[in-house]
Amino acid sequence: MGLLDRAGARLTARPEEAEILVVNTCSFIDTAKQESVDTILEMARLKTEGRASKLIVAGCLVERYRDEIRKNIPEVDAVVGTGELESILEAAGIAQAPKASSLFNILTTVAPAEMRSGQESLAGTHKAPAGHLAEPSNEPAISFRAEGDLREQQGRFTRESWDGAAHMLPTYLYDETTPRLLATGKTSAYIKIAEGCDHPCTFCVIPNLRGKFRSRRFESVVAEAQSLVARGVQEITLIGQDTTCYGEDLGLKDGLALLLDELAKIEGLRWLRFLYAYPNRITGKLLETIAKHENICKYLDVPLQHASPAVLKTMKRGAGADIFLKTLDKVRAAVPGIALRTSFIVGFPGETADDVKVLEDFVKAAKFDWLGVFSYSHEEGSAAYSLDGQVAKRTIEARRRKLMKLQQGLSKEVKQQWIGRELVILAEGESEETPLLWEGRTEFHAPEIDGKVYINDFGDLDGLEAGRFYRAEITEAHDYDVVARVIAGPL
Ligand code: SF4
């Protein structure tokens, strides 16, 4: 969006008004592929009937079905994979813009003087030349982890079974000079700190789609965060397929902890969090860092995928319920009051009723604040695709529903303990359900993913302002959501 905007395109969220339609796709599981294809077909219809003259398909579906899309949906004019973002301009028929930046080119702030003066970089081969942090550097030298190189030799990233997929894996990484348009309001923003994944999880094709793990330069992430905060952003969520590997390819030990430590010092940054920790990479140093800074949210999303050692072994993730419970104890001891989120897959090939029982017992013992359950999706190109013991779809659904029901009861108990607590809340706007209620989040809720805080009492205030923080008291608890009364603010 940033590249298009800088090149002079004006963006609209109303496809019927657009001359160029761009569908950004996902393709890691069946439901995501279906949603992507449905949207492409809907936009193809709009192109035929409406004013649009171009339809571009971008993202992960392109990495997987590049030729298929072109062959089967003739309305599509161009495809743009995840490793060729800049070609969106050519696809759109828009020439690269002159240097002047537009209103929306938000990342123009240069890094602090000490970073530009040639200070020793923490970023190894990803280092930009001194004095050039504000210059475009779209093709930095990329280094990979030894683990990634080994996995590549073992065929982890192969796309051979995917008809029509390009052979080359993406190596693209954006940096702090890449124009970027915030689509998440003025208060909250995501920063991708790394791309790709080297883990061997047998159900997962994300490494085949996204390529080998590679971290963005340390200074680039810091400079982007500083620019965002200078523009009024107060909540930053760091993302990546596995953020806990951050910096390993740059030669950093505890890279994520170092990065959080640096970012937490940015004045005006009220909430900082990261998503997707790999369970065996939650180090003492990382937990110490979360505990140390008031503005690092006491929140950890650690997808565990299962709890039965037998299933985890076939998933090539290892560990099991006992080890996970020890990890969770360690996390809770180091960061008291931390909110924990996880997700599981049910119906993995070979999963038995006993495995599901192990998982249910684990969920009861672990008492997660937030939990998601995915149905196993049978993906061509994954190592699990050739496994015997496929579980019937009906059984998978029944297992998923049962686990969610179990969590519903546990979540209700956990949320009851919130009543009476005074917390800082980010007001997000009127509730979609009724204008009488507002919706918000605490530091224990990641954007868009966890339950909600409904605000039904504004205290002494006439109204609330979206994107502002307030102090509030939790007055009621439901299965996943809580209700709050504003006490003071905006803060
Ligand atoms: S760590 Fe996550 S992204 Fe990487 S292979 Fe495993 S499930 Fe996929």
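The values are calculated or read from the model by the stated rules, or taken from the named source; none is laboratory data. All values derive from a computational prediction rather than experimental measurement. For neighbour counting, all protein chains shown are included, and Cβ atoms are generated from backbone atoms with ideal geometry for every residue, glycine included. The area values use the complete protein model at the heavy-atom level, side chains included, leaving out ligands, DNA and RNA. Shrake-Rupley method; radii C 1.70, N 1.55, O 1.52, S 1.80 Å.
A few comments on the model shown:
- For the range 433-491, a crude dipole built from +1 on the beta carbon of Lys and Arg and -1 on the beta carbon of Asp and Glu, taken about the Cα centre, is about 180 debye to the nearest 20.
- Sorting the segments 381-389, 335-343 by their mean number of nearby beta carbons within 10 angstrom, highest to lowest, gives 335-343, 381-389.
- Dipole magnitude for the range 399-481: computed about the Cα centre from +1 point charges on Lys and Arg Cβ and -1 point charges on Asp and Glu Cβ, it is near 860 debye.
- Peptides ranked, highest mean first, by Cβ atoms within 10 Å: ranges 58-65, 450-457, 360-367: 58-65, 450-457, 360-367
- For the range 340-491, alpha-carbon Rg and Dmax in angstrom: 19.4, 63
- From largest to smallest, the equivalent ellipsoid semi-axes obtained for the range 1-47 from the alpha-carbon gyration tensor read 23, 14, 6 Å.
- Accessible area ranking (1.4 Å probe, heavy atoms, ligands and nucleic acids excluded), largest first, for H167, H306: H167, H306.
- Over 28 Å apart at the Cα level, from the set K330/K357; K357/K415; K285/K326; K192/K253; K33/K253, are K33/K253.
- Using a 4.7 Å Cβ-Cβ cutoff, the cysteines of the chain lacking any partner cysteine are C26, C60, C197, C245, C297.
- Note on T48 and E380: the model spin-label points, each 7 Å out from Cα along the C-beta direction, lie 2.5 nm apart.
- Of all beta bridges that DSSP places with both ends in the chain, some 40 percent have antiparallel geometry.
- Heavy atoms of R317: accessible area, 1.4 Å probe, square angstrom to 10: 40 Å²
- When the charge dipole of the chain is built from unit charges on Cβ atoms (+1 for Lys and Arg, -1 for Asp and Glu) and taken about the Cα centre, the candidate among Y172, P303, I474 whose Cα reaches farthest toward its positive end is P303.
- Using a probe of 1.4 Å on the protein chains alone, the accessible area found for L269 is around 10 Å².
- Exposure ranking of C245, C26 by accessible area [1.4 Å probe, largest first]: C26, C245
- Measuring between their Cα centroids, the range 175-245 and the range 395-456 lie 25 Å from each other.
- Net charge contributed by nearby residues that have their C-beta within less than 15 Å of T187 (K/R +1, D/E -1): 0
- Between the range 295-338 and the range 359-393, the C-alpha centres lie 15 angstrom from each other.
- By the helix-only formula, in which each DSSP H run with n ≥ 4 contributes -39500 (n - 2.57) and the sum is divided by residues, the chain has a 222 nm mean residue ellipticity of -9000 deg cm²/dmol.
- The magnitude of the dipole of the chain, with charges of +1 and -1 set on the Cβ of Lys/Arg and Asp/Glu and taken from the Cα centre, is near 760 debye.
- Sorted on the mean count of surrounding Cβ atoms within 10 Å across their residues, most packed first, peptides 425-433, 326-334 read 425-433, 326-334.
- Treating each Cα of the chain as an identical point scatterer and summing with the Debye formula, the log10 of I(q)/I(0) at q = 0.06, 0.08 Å⁻¹ comes to -0.29, -0.53.
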